[in-house]
Amino acid sequence: MTVRSNFDKALMEIQQDILRVASLVEESIYNSMEALNSQDVVLAAKVIEGDDVIDDLKEKIENKCITLIATQQPIAKDLRVVITGIKILVSLERIGDHSVDIARTTMCLAEQKLIKPLVDLTHMAKLVQDMVRDGLDAYVHGDVEKAREMCDNDDEVDDLYHKIFRELTVYMKKDPETIDQAVYLMFISRFLERIGDHATNIGENVIYLVTGEKEELN
Amino acid sequence: MTNSKISVQNLNLYYKDFQALKNVSLDVLENRVTALIGPSGCGKSTFLRTLNRMNDLIEGVRVEGKVTLDGVDIYRPDVDVVSLRKRVGMVFQKPNPFPMSVYDNVAYGPRIHGIKNKQQLDQIVEKSLRGAALWDEVQDRLYKSALGLSGGQQQRLCIARLLAVEPEVLLMDEPTSALDPVSTLKIEELIRELKNKYTIIIVTHNMQQAARVSDTTAFFLNGDLVECGDTGAIFTMPEDKRTEDYITGRFG
């Protein structure tokens with residue numbers, strides 16, 4: 001029996017719970033993009049419904065964190081575990097919301113023939129999914145280097161966002177018929193770009209968790 | 001759902017003319033840690049002592065109301081107080097080991113209850129010391145004086161001494177107030193372990209300790225039980241303004 005082993009167990013549980021949320025969120029990004037690419041409204045609807053599960057879980061873990069603060073008086077590293085836990089949860093929940101945004105937009109696009117193959121958007125989605133996964137990996141292992149590397153990817157995400165934006169503007173200027181769809185696709189690229197930002201926040205939180213330093217990563 | 005181990009109904013207690021407990025009703029759940037908090041003189045220790053009739057020893061005490069242990073009223077005239085206190089044991093504020101060896105301290109209770117077989121006593125001593133998370137630290141010095149142990153060890157020895165008579169309920173009256181922070185955390189950790197086997201009620205001046213260690217918290221003030229509920233809830237969203245003021249350090 002180590003001193004405070006029950007408290008340690010509770011802290012560990014919070015981290016494991018967060019990983020569960022993260023895996024649901026990763027799945028939700030993936031499915032929302034699958035739904036978009038295959039114009040699958042059933043899958044899009046599944047993403048939207050699945051968000052309630054994420055929200056409920058987030059709520060439960062957040063309450064656990066609050067109770068731990070109130071009852072266990074975490075300090076130093078323990079405090080950072082709880083505080084960053086709450087912040088990472090908020091980022092994950094927002095990411096989940098953006099997957100829902102993508103799924104909703106997918107539903108609007110379902111009946112339309114796509115004006116172009118979604119190569120860059122798909123690539124962007126892959127990048128942000130990797131960022132979320134790497135961010136959580138860094139969280140689990142307390143890996144500061146990995147957190148920094150992961151955040152570097154956000155530059156590429158931002159570049160793609162601007163590139164997609166420019167290209168779609170060209171489409172719209174050429175053919176006003178494409179405006180509706182181009183605007184939807186622009187929104188999707190915006191949602192993905194925001195997911196990248198939230199993933200970056202996760203990375204910053206990992207660094208704070210490990211070092212106690214606030215680092216602005218992107 | 002866990003059962004009530006102890007049920008207290010409309011308990012009033014008077015020290016001569018002074019009413020120390022006012023119509024207190026409270027259920028103590030089995031295999032849970034219940035913490036009693038409140039400012040000095042609020043009645044929490046008095047309440048604790050009603051649960052194994054320790055107040056009987058004080059002159060001028062009058063108790064009204066009902067306290068049941070597993071459904072049986074412990075204030076019934078035919079109740080044997082000694083066997084009651086065997087079932088409902090107590091640990092005090094200051095560690096009070098007997099001036100004898102570690103072994104004899106733990107074997108004291110079982111010997112009184114008639115166990116003489118050396119092998120059996122050895123087993124009880126080891127099991128109790130393990131139960132109190134003290135075995136590893138004292139197994140090499142079982143026959144040395146208990147007074148040579150540190151304060152934290154002495155308090156765990158007192159807990160081992162209690163466990164040796166196989167109680168069902170442990171009453172703890174500020175068990176760590178004389179201990180350093182690390183010993184305190186060790187005792188707290190032990191309490192969390194012990195609740196799997198025992199029902200525990202702890203009086204503490206240290207609100208943070210109540211928060212850390214208990215499942216249920218009861219707040220006493222001037223002899224009234226102001227609020228009793230889930231510890232997580234009490235420390236995040238107490239229902240009564242007085243509880244909130246006390247736990248946030250606004251008075252007390």
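The values are calculated or read from the model by the stated rules, or taken from the named source; none is laboratory data. Keep in mind the model is a prediction, meaning the values are calculated, not measured. All Cβ positions, even for glycine, are placed from backbone atoms using ideal geometry, and neighbour counts span all protein chains on display.
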- prompt: When both residues are 6+ apart or on different chains and their Cβ atoms are under 9 Å apart, which pairs have a first residue that lies in segment A:61-78 and is under 23 Å from B:Pro238 (Cβ atoms), and a second that is buried (at least 16 other Cβ atoms within 10 Å of the Cβ) and of a type in the set (Lys, Arg)?
  reply: A:Thr71/B:Arg212; A:Gln72/A:Arg4; A:Gln72/B:Arg212; A:Gln73/B:Arg212; A:Pro74/A:Arg80
field: Within segment B:6-35, tally of residues that are farther than 19 Å from B:Phe220 by Cα and either crowded, with 22+ Cβ neighbours inside 10 Å or at pLDDT below 95 (or both)
entry: 2
- prompt: Within segment A:63-80, can you find the residues that are surrounded by 20 or more Cβ atoms within 10 Å (Cβ to Cβ) and within 24 Å of the chain's Cα centre (by Cα)?
  reply: A:Cys65
- prompt: Say we look at segment B:180-209 and pick out the residues that are in a helix (DSSP H, G or I) and of a type in the set (D, E, K, R); which of these is nearest to B:Gly152 (Cα to Cα)?
  reply: B:Lys186
Lone qualifier among A:Ile14, A:Ile48 - being farther than 29 Å from B:Ser214 by Cβ and either in a helix (DSSP H, G or I) or within 14 Å of another protein chain (Cβ to nearest Cβ) (or both): A:Ile48
- line: When segment B:81-116 is checked residue by residue, the ones that are at pLDDT 95 or above and assigned to a loop (DSSP other than H, G, I, E, B) are B:Pro97, B:Phe98, B:Pro99, B:Met100
query: Does B:Glu174 count as of a type outside the set (Phe, Trp, Tyr) and within 14 Å of another protein chain (Cβ to nearest Cβ)?
result: no
Meets criteria (touching a Pro at 6+ places or on another chain (Cβ under 6 Å), away from chain A (no Cβ under 11 Å), crowded, with 19+ Cβ neighbours inside 10 Å and not in a loop (DSSP other than H, G, I, E, B)) for B:Leu157: yes
query: assigned to a helix (DSSP H, G or I) and either without any contact (Cβ under 8 Å) to a residue 24 or more places away in the chain or among the β-branched types (Val, Ile, Thr) (or both) - does that describe any residue in segment A:107-116?
result: no
- line: So, first residue farther than 16 Å from B:Met172 by Cα in segment B:19-39, second residue modelled with pLDDT of 95 or more and among the acidic types (Asp, Glu), Cβ within less than 6 Å, six or more apart or across chains; the pairs are B:Lys22/B:Asp224
statement: Those residues of segment A:117-149 that are within 21 Å of A:Glu167 (Cβ to Cβ) and in a helix (DSSP H, G or I) come to a total of 10
query: Just for segment B:210-235: of the residues that are crowded, with 21+ Cβ neighbours inside 10 Å, polar (S, T, N, Q) and not in a strand (DSSP E or B), which one is nearest to the other protein chains (Cβ to nearest Cβ)?
result: B:Thr231
query: Does segment A:133-155 contain any residue that is without any contact (Cβ under 8 Å) to a residue 40 or more places away in the chain and over 21 Å from the mean Cα position of the chain (by Cα)?
result: no
field: Exclusive hit being surrounded by 14 or more Cβ atoms within 10 Å (Cβ to Cβ) and either hydrophobic (A, V, I, L, M, F, W, C) or out of contact with any His (no Cβ under 6 Å at 6 or more places or on another chain) (or both), set B:Val72, B:Val82, B:Val102
entry: B:Val102
